[in-house]
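Take a look at the structure set out below.
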Amino acid sequence: MPQILIAECMQEISSFNPLPSDYDYFHIQRGVELLGQRGLNSAVAGALAVFGTRGDVTLLPCYGARSGSAGLLSAAGWQRLSGELLDAVAARIAEADAVFVSLHGAMGAEGELDPEGFLLSRIREIAGPAMPIVISLDLHGILTDRMLRQVDGLAIYHTYPHVDFADTGARAARLLLDIIDRRLDPVIARVTIPALVRGDELITRTGCYGDLIREAQRLERDRVALAAGIMIGNPFTDVPELCSQVLIVAERDGERAAAEAMRLAQEFWPLRHRMQGKLIALDRAIAQAKWMAGPVVFTDAADATSSGATGDSNVILAALREAGYSRRVLAQIVDPQAARAAHEAGVGAQVTVQLGGGLDRGRFTPMTVTATVESLSRGCGRFETGRSGFDAGPTAVLAFDNFTVVVISRTVGLVDRALYWANGVDPQDFDLIVVKCPHTEYRMYDAWVEKNFNIDAPGATSADLRSLGHTICARPIYPLDAEVKFDPSPVLYHAPRRR
Ligand SMILES: [Zn+2]
């Protein structure tokens, strides 16, 4: 009768976002509230679905914290968050036989640049050396040595754009049950690759990264590996162990796991040149968009809130206005002041506001617009993919000239069309749509636009990685440094040695 403790802590940060994030960025679920994720596309939901098929499993839902991507977590925020999570774990651990933790892996806090490593090492201390701990991770996470020393197994997203949140949780849950039922003796092989990657080749459906992920999946399906994955880190999370890495979890056979991890890492390394952002200059993209039938998307990955940017860039809007682009433009922007001014003025009113440029002041400059308030909302909705809720705070749709801009008060992921729809606008009614996300699912935009331009613009999450100014991650690393040697060596982690 296994009793399984469930916890969650997910945030992805950009070290280049000048605004720290805080405790109140997190949506907290305590105890049985975590079970409210059932039916969603989340790792916890996937794990709950697997555990739910077993009449003999007792759930110990403990604590969940999920934040949108943002800047470095403040020291006070981290202390409160980690304290609450660990207190909640400590309160239930005596009843538990095993632990499942859903993590993102790309957290960073003031004074603690490996938050997940800290949490897992404390959970290991509380749980004792013998208790199985399995984690799920985003492929953009930074899985550290300290994390690997605490866990018995892991499962990693296999899709980008991510659609397999629940599937990953389910794989982690099945692995945890296997460890308990079959008394498995897993070994984890890790090979790190000194490369940061970005760009369209990471799209797993079409890109070369996807070809390698399918090899990892094949290893799982052929039962060579209990779990396999390739993590690429979040290049904007400037922490000591930022890198790409291959992880193979295998039953006992460390040699085979290490050999497969080496093989995938060696296949990955020469592809690093292809896996870089290919950006087009903004003025050139506008000049081309002017004569295209359209519609077109301007992807502004540099200000991608889902990667941790501020979301207040108005660079593309200003350039379109300056260039006299006259067709219908739809954009999104984070600007709490402009949203408040619109709410104070009311629907139908004219407002003159400074739009954008209020958060990342080092990179952006406010632009003055006089706009009509088309509509107002509380900014709540549900994402297309995960079906989880978002709360962008007071939101306004402002219209000026040929521009329609959805102005939100808080950063939320802009990875799909949900924010637009929730505010009564449909991207398909426009000629040029600004999307502040590196990639969306194919059906969302690429399926029906003439061209999706990857715009070279400033921002805390620019795909021009050399423009960002990393100071913490281990060097040399491609593409930040000119001379990078790849001298791979597998490291094995063997949890049951503790037992
Ligand atoms: Zn991710």
Item to check | Matching residues, segment 261-271, being surrounded by 15 or more Cβ atoms within 10 Å (Cβ to Cβ) and either over 16 Å from R214 (Cα atoms) or in contact with a strand residue (DSSP E or B) (Cβ under 6 Å, 6 or more places away or on another chain) (or both) | outcome: A261, M262, L264, A265, F268, W269
Checklist entry - Would segment 27-39 turn up any residue that is buried (at least 19 other Cβ atoms within 10 Å of the Cβ) and either part of a helix (DSSP H, G or I) or without any contact (Cβ under 8 Å) to a residue 12 or more places away in the chain (or both)? => result yes
Checklist entry - Tally time: how many residues in segment 1-18 are of a type outside the set (D, E, K, R), surrounded by 16 or more Cβ atoms within 10 Å (Cβ to Cβ) and under 19 Å from V334 (Cβ atoms)? => result 6
Checklist entry - Can you name the residue in segment 426-439 that is of a type outside the set (A, V, I, L, M) and surrounded by 22 or more Cβ atoms within 10 Å (Cβ to Cβ) and is also farthest from L320 (Cα to Cα) among such residues? => result H439
Checklist outcome for this item: Scanning segment 352-362 for residues that are of a type outside the set (D, E) and touching a Ser or Thr at 6+ places or on another chain (Cβ under 7 Å), the one surrounded by the most Cβ atoms within 10 Å (Cβ to Cβ) turns out to be G356
Checklist entry - Could we say that P186 is over 18 Å from I248 (Cβ atoms) and over 20 Å from the mean Cα position of the chain (by Cα) here? => result no
Checklist entry - In this structure, does T144 turn out to be touching a residue at least 40 places away in the same chain (Cβ under 8 Å) and either more than 16 Å from the ligand (Cβ to nearest atom) or more than 24 Å from R54 (Cα to Cα) (or both)? => result yes
Checklist entry - Across segment 130-140, what is the number of residues that are away from the ligand (no atom under 16 Å from the Cβ) and either at positive phi or at pLDDT 95 or above (or both)? => result 4
Item to check | Near pairs, Cβ below 9 angstrom, 6+ apart or cross-chain, from segment 295-321 (within 24 Å of G108 (Cα to Cα) and β-branched (V, I, T)) to any residue that is in a helix (DSSP H, G or I) and at pLDDT 95 or above | outcome: T310/D303
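Residues F26, F16, F51: which one is more than 30 Å from A301 (Cα to Cα) and aromatic (F, W, Y)?
Going through F26, F16, F51 in turn, just one is more than 30 Å from A301 (Cα to Cα) and aromatic (F, W, Y): F51.
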Next on the checklist: Would you confirm whether or not segment 114-129 contains a residue that is within 22 Å of the chain's Cα centre (by Cα), within 16 Å of the ligand (Cβ to nearest atom) and closer than 19 Å to I230 by Cα?
Outcome noted: yes
Item to check | Among (1) within 16 Å of I4 (Cα to Cα); (2) surrounded by fewer than 22 Cβ atoms within 10 Å (Cβ to Cβ); (3) under 23 Å from the mean Cα position of the chain (by Cα), the one test that V101 misses | outcome: (2)
Item to check | Those residues of segment 417-451 which are in contact with a Ser or Thr (Cβ under 6 Å, 6 or more places away or on another chain) and assigned to a strand (DSSP E or B), in sequence order | outcome: V435
Item to check | Of all residues in segment 472-499 being buried (at least 16 other Cβ atoms within 10 Å of the Cβ) and farther than 16 Å from T192 by Cα, the one that is modelled with the lowest pLDDT | outcome: P496
Checklist entry - Given the conditions (1) in a strand (DSSP E or B); (2) within 16 Å of the ligand (Cβ to nearest atom), and given that I4 satisfies all but one, which numbered condition is not satisfied? => result (2)
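For (1) out of contact with any Ser or Thr (no Cβ under 8 Å at 6 or more places or on another chain); (2) surrounded by fewer than 24 Cβ atoms within 10 Å (Cβ to Cβ); (3) charged (D, E, K, R), each residue gets a yes or a no:
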{"position": "L212", "(1), (2), (3)": "yes, yes, no"}
{"position": "R218", "(1), (2), (3)": "yes, yes, yes"}
{"position": "A228", "(1), (2), (3)": "yes, no, no"}
{"position": "F236", "(1), (2), (3)": "no, no, no"}
{"position": "L247", "(1), (2), (3)": "yes, no, no"}
{"position": "R256", "(1), (2), (3)": "yes, yes, yes"}
{"position": "A259", "(1), (2), (3)": "yes, yes, no"}
Next on the checklist: I want to confirm something. Restricting to segment 459-471 and keeping residues that are buried (at least 16 other Cβ atoms within 10 Å of the Cβ) and part of a loop (DSSP other than H, G, I, E, B), which single residue is nearest to the chain's Cα centre (by Cα)?
Outcome noted: T461
Checklist outcome for this item: Of the conditions (1) of a type outside the set (D, E, K, R); (2) in a helix (DSSP H, G or I); (3) closer than 24 Å to T310 by Cα; (4) touching a residue at least 12 places away in the same chain (Cβ under 8 Å), the single one that F16 does not satisfy is (2)
Checklist outcome for this item: If we ask which residues in segment 428-459 are hydrophobic (A, V, I, L, M, F, W, C) and farther than 19 Å from S69 by Cβ, their number turns out to be 8
Checklist entry - Among G31, G36, which is small (G, A, S) and within 27 Å of A392 (Cβ to Cβ)? => result G36
Checklist entry - Applying the selection to segment 149-170, what residues are more than 16 Å from the ligand (Cβ to nearest atom) and part of a helix (DSSP H, G or I)? => result A170
Checklist outcome for this item: For strands (runs of 3 or more DSSP E) lying entirely in segment 244-356, having 1 or more residues that are in the same structural domain as G413 (by TED's automatic domain parsing) picks out 296-299, 329-334, 350-355
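The values are calculated or read from the model by the stated rules, or taken from the named source; none is laboratory data. Just so we're clear, the structure is a prediction, and the values are computed from it rather than from any experiment. Quick reminder, even Gly has a Cβ in these numbers, built from the backbone with ideal geometry, and neighbours come from all protein chains shown.
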